[in-house]
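First up is the structure itself, then whatever we jot down about it.
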Amino acid sequence: MIRPPARRGVPAALLPEGTEQAVAMFPPTTAGAKKLLAEAKADGVPVDTEFTLIARIENFPGVTEVMEALQQMLQEPGFNVKLQMVEVATHEQYCSKPYPTDLGPYVLVAQHDNNKGDPSFSMFFKYASEGRQSGVADPRVDQMIADASAATGEDRAAKWADLVAYLHDDVVADALLWHKVGFSRVSKRLNWKPTIATNSQLQLSQIGFK
């Protein structure tokens with residue numbers, strides 16, 4: 001796992017103001033990573049095995065530079081990582097099932113947009129055994145998703161929180177980097193305000209003239 005560079009570091013010049021470091025992941029420092037690698041090597045794990053860091057070309061502004069920074073941060077504690085930037089169609093082959101099985105080890109960098117603001121629109125898709133972009137096949141996760149989806153109110157929020165904690169502490173499903181920010185230029189003539197859904201869709205029925 002890696003520590004994503006904060007905005008005061010490299011991405012400050014690459015990512016827009018408002019970008020926040022994702023808080024659902026608490027990765028070790030570089031020193032901690034070196035120690036873990038040394039312990040794994042002592043246990044016979046081939047820690048020098050090369051793996052590929054795969055990201056999508058033009059996925060967001062500055063993506064190539066950010067991925068180069070992440071590659072360097074992974075190499076610093078001793079990981080053997082090469083960077084591969086791919087087009088959208090190729091990226092989709094890595095991102096959704098059935099996943100390729102003949103490419104060797106790789107880490108995929110991807111974005112996820114929940115334009116509804118409710119965990120149910122992300123959790124099944126990304127973490128359920130039958131989820132299209134899930135790398136997890138854990139019956140406990142499936143049951144926790146079902147229980148949280150059926151709950152309401154504070155109980156629902158608590159169940160989603162328990163699932164997030166389990167995914168982080170036990171499953172280690174993802175290394176989350178940032179909550180990105182989007183921008184919209186709105187004419188003064190329009191009666192419309194951007195929402196959380198604007199990054200992925202525009203509902204013309206909601207846009208009017210003043």
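The values are calculated or read from the model by the stated rules, or taken from the named source; none is laboratory data. Keep in mind the model is a prediction, meaning the values are calculated, not measured. Reconstructed Cβ throughout: ideal geometry from the backbone, glycine too, with neighbour counts over all protein chains shown. With ligands, DNA and RNA removed, areas are computed over all heavy atoms of the protein, side chains included. Shrake-Rupley method; radii C 1.70, N 1.55, O 1.52, S 1.80 Å.
Numbers for the structure displayed
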{"item": "Listed residues 133, 62, 206: farthest to the positive end of the dipole of the chain (Cβ charges)", "result": "206"}
{"item": "Within the accessible area of the chain (1.4 Å probe), percent carbon and sulfur", "result": "53 percent"}
{"item": "Most mobile of 141, 171, 109 in a GNM of the chain (Cα contacts under 10 Å)", "result": "171"}
{"item": "Nearby lysines by direct alpha-carbon distance to residue 188 (threshold 25 angstrom, same-chain neighbours under 8 apart not counted)", "result": "210"}
{"item": "Exposure rank, largest accessible area first [67, 144, 73; 1.4 Å]", "result": "73, 144, 67"}
{"item": "Surface accessible to a 1.4 Å probe, residue 152 within the full protein complex, Å²", "result": "100 Å²"}
{"item": "Linear extension gain, residue 157 paired with residue 93, 0.36 nm per residue minus alpha-carbon span", "result": "19.7 nm"}
{"item": "Antiparallel bridges, percent of DSSP beta bridges restricted to the chain (to nearest 5)", "result": "30 percent"}
{"item": "Relative contact order, percent, the range 88-139 [alpha-carbon distance under 8 Å, six or more residues apart]", "result": "24 percent"}
{"item": "Total charge dipole magnitude, the range 163-210, about the Cα centre, Cβ charges on Lys, Arg, Asp, Glu only, Debye to nearest 20", "result": "780 debye"}
{"item": "Accessible surface, the range 37-191, averaged per residue in Å² (probe 1.4 Å)", "result": "61 Å²"}
{"item": "Accessible surface of residue 45 - all protein chains present, 1.4 Å probe, nearest 10 Å²", "result": "70 Å²"}
{"item": "Calculated FRET value between residue 137 and residue 209, using beta carbons and R₀ = 41 Å, to 0.05", "result": "0.20"}
{"item": "Charge dipole of the range 108-174 about the Cα centre (unit charges at C-beta), most positive-ward option of 122, 145, 171", "result": "122"}
{"item": "The chain: calculated mean residue ellipticity at 222 nm from DSSP helix runs of at least 4, using -39500 (n - 2.57)", "result": "-10000 deg cm²/dmol"}
